[in-house]
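Before any comments, here is the structure.
Read the figures in this text as sums done on the coordinates, not as results from a lab. Bear in mind the structure is a predicted one, so any value in this text is a computation, not a measurement. Positions of Cβ are generated from backbone atoms using ideal geometry, with glycine treated the same way; all protein chains shown enter the neighbour counts.
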Ligand SMILES: *Cc1c(COP(=O)(O)O)cnc(C)c1O
């Protein structure tokens, strides 16, 4: 290795450690000056080369301050996990390897670690033995990948080869979703040619759970998308009841379990996921609750052949081969070796570490709800896992509190609309969050709400 590369990597490590040392104490939102300072990185494309150290220095000086402190301990927006130290270190090493994870021959290490990590994940999620999967960029792509497999499988049973002949003239499929379906499932359905508007929406209860008794008539050309972990309430659809009905009708069931499905890894919370193992496919994120770092989604399917038939680069090539080439299971060919970080996350946590991470963050969500309720605010959901919805009174007051808390910088929480109510949504998902961070955040939220001077008494459901 050249000396200047060595110096550069040491410089990068020094800058990254300084960033992580300080990020927990600075404002979670970047300052407006830091965002406008990003313009220093633009301008005309330089004619001549710059040294890598200069490039890195500019990136750190202008870029670091404009980052959102998701790597800190008090970011509670959008179900965004942090990055475990083992995953961060693994990402650095894997970047140095510069592997293309598309084919085993391009990277035996990437292909093997991905297989191991997929098998460990399926086991942690308590999915059926023998299920297959793909490591993709996130749950949107995981939903997309699994839904294409479901679509092609149902069409194949109806005598239609969608991979070869496309969808024009194909028998029609019916897609059923809960009324609280995540927007990314609708996006995935639209990408898959199944349409976001032609879905049948099943009514939900006050926690956003699909009502099994309200399922429409189904048959062998029906795909039912259920949810493990509603993005607002954290609630779980009644999988057992729904899947029995689907099985009887010959319909296939896909699970969007972006974060909630990981509750299966905790002995205390896994009862919520009971029944989900009977589905045909599952989409989840390792960048959310398992804190494997962005980007890392998993598409898992009961029968790996269904995924392969839908995703194979060269259909029927290497029939029944003993080894698995990642690109026969993913939409992409060339890919970053993101399975390395997933492997590192799971290897460092172990079964007990992941259970602890799930239980700790759920405990903090409960603590948030108790403290904010004690302070006089309304908690709009049953806090079953790591999601809390809070109202500070009228929609205007709630929106103002959310805006002010984001500006104040102690913590960051997003806003949402929940069944006609405006709410602040708190999602505790980072391995790094501590009880002290909950104290500091509650103190800031209560203070900001009081400063409104209009903090109205709780609205009761
Ligand atoms: C986050 C989320 C998604 C989308 O996941 P991405 O990784 O952002 O693509 C889908 N469904 C649910 C329930 C989610 O929470």
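Here is how the numbers come out for the structure above:
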quantity: Rh (Kirkwood; distinct C-alpha pairs) - segment 18-163, Å; calculated: 19.8 Å
quantity: Computed log₁₀ I(q)/I(0) - Debye formula, equal Cα scatterers, no solvent, segment 91-345, q 0.09, 0.15 Å⁻¹; calculated: -0.36, -1.02
quantity: Exposure proxy ranking, count of Cβ atoms within 10 Å, fewest first, for 421, 271, 254; calculated: 271, 421, 254
quantity: Using a Förster distance of 25 Å, the FRET efficiency for residue 51-residue 21 (Cβ separation, nearest 0.05); calculated: 0.45
quantity: With eigenvalues of the C-alpha gyration tensor scaled by 5 and rooted, segment 2-69, Å; calculated: 23, 19, 5
quantity: Antiparallel bridge percentage (DSSP; both residues within the chain; nearest 5); calculated: 60 percent
quantity: Bins of 10 Å from zero: percent of alpha-carbon pairs in segment 61-130; calculated: 16, 30, 35, 18, 2
quantity: Distance between segment 245-300 and segment 8-42 - C-alpha centres, whole angstrom; calculated: 35 Å
quantity: For segment 127-193 versus segment 325-349, the gap between their alpha-carbon centres in whole angstrom; calculated: 21 Å
quantity: Ratio of the Cα radius of gyration of segment 337-461 to 2.2 N^0.38 Å, where N counts its residues; calculated: 1.17
quantity: Over the chain: helical MRE at 222 nm, DSSP H runs n ≥ 4 each giving -39500 (n - 2.57), nearest 500; calculated: -12500 deg cm²/dmol
quantity: Shape parameters for segment 211-282, alpha-carbon atoms, Rg then Dmax in Å; calculated: 12.0, 37
quantity: Neighbour-count order for 272, 343, 120, fewest beta carbons within 10 angstrom listed first; calculated: 120, 272, 343
quantity: C-alpha center-to-center spacing [segment 385-449, segment 51-74] in angstrom; calculated: 26 Å
quantity: Alpha carbon Rg of segment 175-245, scaled by the compact-globule rule 2.2 N^0.38 Å; calculated: 1.04
quantity: Rounded FRET efficiency, nearest 0.05, which uses the C-beta distance separating residue 399 from residue 157 and R0 of 41 Å; calculated: 0.25
quantity: Relative contact order, percent, the chain [alpha-carbon distance under 8 Å, six or more residues apart]; calculated: 21 percent
quantity: Cubic angstrom per residue, convex hull over Cα atoms of the chain; calculated: 165 Å³
quantity: Considering only segment 91-345, percent of DSSP beta bridges that pair antiparallel, nearest 5; calculated: 45 percent
